[in-house]
Amino acid sequence: MDFQLSEEQKMIQQAARDFAVRECLPGVIERDEQQKFPREQIEKLADLGFLGMMVKPEYGGAGLDTVSYVLAMEEISKIDASVSVCMSVNNSLVCYGLQEYGTEEQKQQYLVPLAQGKKEGGLYIGAFLLSEPEAGSDATSQQTTAEDNGDHYLLNGTKNWITNGGSASVYLVIAQTDRSKGSKGINAFIVEKSWPGVTVAAKENKMGIRGSDTHTILFSDVKVPKENRIGEDGFGFKFAMKTLAGGRIGIASQALGIAGGAFERARDYSKTRKSFGTEIMHHQAIAFKLADMALKIEAARLLCLKAAWEKDQHLNYDISSSMAKLYASETAMWTAVEAVQVHGGYGFVKEYHVERLMRDAKITQIYEGTSEVQRIVISRGILK
Ligand code: CAA
């Protein structure tokens, strides 16, 4: 077993670290306060090839492996999880779904610009629309309908909690086409935001990842051409599940990065802050917290890398991605809370960043499947 990263993987990790410090750190507190979408940072990520990292070069991507993607996600998330969630959705949910299951025409028309993150000089990213007001964890209960009308489908319904909802140009929409068939009566469609009948509704005012752009999206008699359906009729739910398994590696890596960012700040602070006549790192109450943080982060990193490796080897990674997501997100939440505690009163104010990391950590236990959903996937997998 080889735990060494390749030279290329180390290079990607370093490039992501440099990018995060140089481009994401300046203004991160203000973007969080003002809920400002990090457009400039995302455009620069596109230039780096980080919006289509695992897409083959012939479709405009960087052709890298999932391990490199985990490393990049971790580094960027240490600094700004609002940037990394946008990156994760475009890479893992949108580009992966199209590369794996799209037709050649769909790839040429949509995947190529999405992997490059640009079209005609402007930002061009995607969003994944599964959640609904009444269908969150219970994803088969889709109320959005797509009625077969011959050469097109007529799409009606409401999607919510949509990351990149306002900034994306392309939506991958999951909808019910035949309720009598249950999960097999669900399809996935490529829908352009600019089409008549698509409305971007209110932006959510969130606790964390406040720079990211989360909206409700409404569809009213939207005509979706037949050729924009992804896969065979009835493939939509499997499409969503298969795509989400990869998405969970992305969010696990985001959680890993948030935990790492909180840990590094707590560690550095403990070396300079003095109490009772010495730097606080010399108090076991602090040193043991730091030891536990480092231990949990290492375990989370190994789970993320194992899931990524399994995906790269074309093995089944349903269970490993859920394990990585569950453990890394719990680690992020715990570590961020403890990092605030290490900082004492300073941890409670914005300049020290850990309060933001603590708020950002929470969503990693909720989106792309709550911790409870991950336990469903893991328990079903091990009991099968
Ligand atoms: N691969 C292939 N097929 C799969 C699969 C997988 N990973 N998981 C399920 N399926 C298939 C099943 O085999 C079954 O097919 P058959 O009937 O042929 O056997 C079918 O799909 C239905 O599966 P289940 O019976 O397991 O479905 P369920 O209703 O019990 O739900 C669940 C299972 C795991 C809870 C699922 O609903 C789920 O993952 N929910 C969470 C949804 C989620 O993650 N939402 C996140 C939204 S996206 C987001 O957050 C992005 C963002 O903005 C950041």
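With no solvent and one equal point scatterer per Cα, compute the Debye intensity ratio I(q)/I(0) for the range 201-259 at 0.22, 0.26 Å⁻¹ and report its log10, rounded to two decimals. Per q value, in the given order, log10 I(q)/I(0) is -1.06, -1.06. Averaging the Cα positions of each part gives two centres, and for the range 354-380 and the range 106-144 these lie 21 Å apart. Note on Asp268 and Ser6: their simple-model spin labels are 3.2 nm apart, each label 7 Å out from Cα toward Cβ. Each Cα pair under 8 Å and six or more residues apart adds its sequence gap; the mean of these over the residue count of the range 202-295 is a relative contact order of 13 percent. Can you pull the percent of the chain's accessible area that's carbon plus sulfur, 1.4 Å probe, other chains left in place? Whole-percent figure for carbon plus sulfur exposure: 53.
In summary, the aspartates and glutamates within cross-link reach of Lys181, defined as a Cα separation below 18 angstrom excluding same-chain residues under 8 places away, comprise Asp138, Glu147, Asp148, Glu232, Asp233. Shown is the FRET efficiency for Glu279 and Ala201, computed with R0 = 41 Å from the Cβ-Cβ distance and rounded to the nearest 0.05: 0.20.
Volume per residue of the convex hull around the Cα atoms, evaluated for the chain, comes out as 139 Å³.
Report relative contact order for the chain in percent, whole number only (criteria: Cα-Cα under 8 Å, sequence separation at least 6). Show your work: numbers first, answer last.
Numbers: 756 pairs, mean separation 62.2, N = 384.
Reported relative contact order: 16 percent.
Between Asp292 and Leu315, the modelled label-to-label distance comes to 3.2 nm, taking each label 7 Å out from Cα in the direction of the beta carbon.
Holding the Cα-Cα limit at 22 Å, pick out from Lys184/Lys242; Lys159/Lys223; Lys118/Lys159 the pairs that are longer than that.
Details: Lys184/Lys242 14 Å; Lys159/Lys223 17 Å; Lys118/Lys159 25 Å.
In this structure, Lys118/Lys159 lie more than 22 Å apart at Cα.
The alpha carbon convex hull volume per residue for the range 31-107 rounds to 87 Å³. Provide, as a two-decimal number, the C-alpha radius of gyration of the range 296-384 over 2.2 N^0.38 Å, N being how many residues it has. Normalised Cα radius of gyration, the range 296-384: 1.26.
Keeping all protein chains in place, calculate the accessible area per residue for the range 133-236 (probe 1.4 angstrom), answer in Å². Don't jump to the answer; show the numbers that get you there.
On the way: 4390 Å² over 104 residues.
The answer is 42 Å² per residue.
Sorting Ser253, Ser137 by accessible area puts them as Ser137, Ser253; the probe is 1.4 Å, largest comes first, and only protein heavy atoms count.
The number of Lys pairs in the range 1-106 with C-alpha atoms less than 19 Å apart, excluding pairs fewer than 8 positions apart on the same chain, is 4.
Given the -39500 (n - 2.57) contribution per DSSP H run of 4+ residues, what per-residue ellipticity at 222 nm results for the chain, rounded to the nearest 500 deg cm²/dmol?
Details: 12 runs with 179 residues, N = 384.
After summing the helix terms and dividing by residue count, I get -15000 deg cm²/dmol.
The values are calculated or read from the model by the stated rules, or taken from the named source; none is laboratory data. All of these numbers come straight from a predicted model, not from anything done at the bench. Note that we place each Cβ from the backbone using ideal geometry, even for glycine, and neighbour counts take in every protein chain shown. Just the protein is used for accessible areas: all its heavy atoms, side chains included, with ligands, DNA and RNA removed. Shrake-Rupley method; radii C 1.70, N 1.55, O 1.52, S 1.80 Å.
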